[in-house]
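To start, the structure under review is shown below, and the notes come after it.
The values are calculated or read from the model by the stated rules, or taken from the named source; none is laboratory data. What you see is a predicted model; the values in this text were computed from it and never measured. No Cβ is skipped: glycine too gets one built from the backbone with ideal geometry, and neighbour counts run over all protein chains shown.
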């Protein structure tokens, strides 16, 4: 990490906070939320105070505050030490409605515009928790209520897989941090949650070896050895045979000697078996899972 006496480059700041460089620049230019110093060559430098301010901004965004209102919330918090505005004052419900309307109209251009704008201004975990996952729930409710409900869900799934996949591969090639093998559990066909994890982990500087859906665990030790990875992340919601997954995890741990993290609904449903095997069940919350990962596996 590039730092001298508490001064950090934009890449180091992005790795420390999980906020990518594009978003940091947008917060500075469009909203005046942070004001880094500049070198003679024009490169941005961030202080420890800037890092703490970014963390406070993240807390406000996580409460649902619109990025356009964060500066005022920061001022109020500093002057009066009051709680941030309520979540319903944020932009998320309107964005959900706008995206749902775009999906119902099969309007990829509008859907892409809303998605790109949200991802440029907010960390991926915030967009995931307050926009994408609620939208998936809304689409699930429409599954049987609309003549095109199934088509809408498929349309959105393909859109998100393409968007997340392209963003992930672009970011992953630029990272040189700790390598992590990530895959869906056996039987899990949906990669959406895995891609969201990979993208968020990228933003923190991790390099992800992505193996995709329905991955048998037996080949993973060979992948770990050849890629020189330092941890394994598995995720999924599919039904598993409890005794079978416990034994497979035991074998995986014995052969790799690395920490194994299990997320998604499976980590809640089979927590006893996961922990009995010696693996780490991180639950279904993406941000909590990333914090747990960082405790065991810091970014190098």
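Overview of results
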quantity	calculated
Test result for residue 230, at pLDDT 90 or above, on the phi < 0 side of the Ramachandran plot and more than 25 Å from the chain's Cα centre (by Cα)	no
Helices (runs of 4 or more DSSP H) wholly inside the stretch 176-272 that include at least 1 residues being touching a helix residue (DSSP H, G or I) at 6+ places or on another chain (Cβ under 6 Å) and buried (at least 22 other Cβ atoms within 10 Å of the Cβ)	192-203, 220-227, 242-256
Verdict on residue 213 being at pLDDT below 95 and in contact with a strand residue (DSSP E or B) (Cβ under 8 Å, 6 or more places away or on another chain)	yes
Which numbered condition residue 170 fails, given (1) under 28 Å from residue 15 (Cα atoms); (2) buried (at least 20 other Cβ atoms within 10 Å of the Cβ); (3) without any contact (Cβ under 8 Å) to a residue 40 or more places away in the chain	(2)
Selection from the stretch 273-290 of residues that are surrounded by 15 or more Cβ atoms within 10 Å (Cβ to Cβ), in a helix (DSSP H, G or I) and at pLDDT below 90	286, 287, 289, 290
Meets criteria (over 30 Å from residue 10 (Cβ atoms) and modelled with pLDDT under 95) for residue 266	yes
Selected residue [at pLDDT below 90 and touching a strand residue (DSSP E or B) at 6+ places or on another chain (Cβ under 7 Å)] from 176, 235	176
Identity of the residue in the stretch 69-96, within 22 Å of the chain's Cα centre (by Cα) and part of a helix (DSSP H, G or I), that ends up modelled with the lowest pLDDT	87
The lone exception for residue 127 - which of (1) within 15 Å of the chain's Cα centre (by Cα); (2) without any contact (Cβ under 8 Å) to a residue 12 or more places away in the chain; (3) within 17 Å of residue 191 (Cα to Cα) it fails	(3)
Hits in the stretch 88-113 - residues which are surrounded by 20 or more Cβ atoms within 10 Å (Cβ to Cβ) and in contact with a helix residue (DSSP H, G or I) (Cβ under 6 Å, 6 or more places away or on another chain)	92, 95, 99, 102, 103, 111
